[in-house]
C-alpha cells in the first residue's frame, strides 16, 4: 500500500491522487487503507517519513545531502521518479501536503543537516540548503529548464555540495558519498 501511495503521489502529487486510486493500485479495499493509515493526509505523512528515515538511517550525517542529490539527480528516470522529493515538489501547492512536507523536513533533514554546522544561524543555513534542493528539483524535474535539466548529474551534485559546504562545513563534498 505504501509503495502504491508513493508511486501515485510522485506521479500526480497529493491533490490529484485519490485514496481509491491508491487502493486500486495496491489491489486492496479503501477501508483497509483507512484502517492502517487513517486518512490520505496521514498516508502522505507516512510516505514522506519512510524515505527520509531510510536515507537518514543508512547514511552518516555528512553524506545525507550527497545521497539526497543522488536520488534527485539520478540519470535513471525510474529511480528519480521514485524519489519522494518529486512527490513533495508536485504536492507543495496543497496546504495539508505542504504542512506534511514542513513537518517531515523538520523531523529528519533539518535535524541531520543542522548537525553539520556549529554556526549560530544554523537553522537559516539549513533552510537555504533545502531551498537549493527544492529549486534544483523543481527546475530540473518539473520545469525541465535547460541547461540544468540536461546537465551531468555528477557535475551538478559536485557544484551543489561545494556550495552547501560553505554553509554546512561538515558536508561531504564527494558526490559519490
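Each value in this text was obtained by applying a stated rule to the coordinates, not by laboratory testing. Everything numeric in this text was worked out from a predicted model, so none of it was measured. Counting neighbours? That spans all protein chains shown, and the Cβs are built from the backbone with ideal geometry, glycine included.
Are any residues in segment 19-61 closer than 30 Å to residue 168 by Cβ and either in a loop (DSSP other than H, G, I, E, B) or more than 17 Å from the chain's Cα centre (by Cα) (or both), and if so, which ones?
Taking segment 19-61 as the starting set, the residues that turn out to be closer than 30 Å to residue 168 by Cβ are 44-61.
Matches in segment 19-61: 59, 60.
Among the residues of segment 3-18, those identified as surrounded by 16 or more Cβ atoms within 10 Å (Cβ to Cβ) and either free of Cβ contacts under 8 Å to residues at least 60 places away in the same chain or in a helix (DSSP H, G or I) (or both) are 4, 5, 6, 7, 8, 9, 10, 17.
Selection of helices (runs of 4 or more DSSP H) fully inside segment 106-177 by the criterion of at least 2 residues being crowded, with 18+ Cβ neighbours inside 10 Å and out of contact with any helix residue (DSSP H, G or I) (no Cβ under 8 Å at 6 or more places or on another chain) returns nothing.
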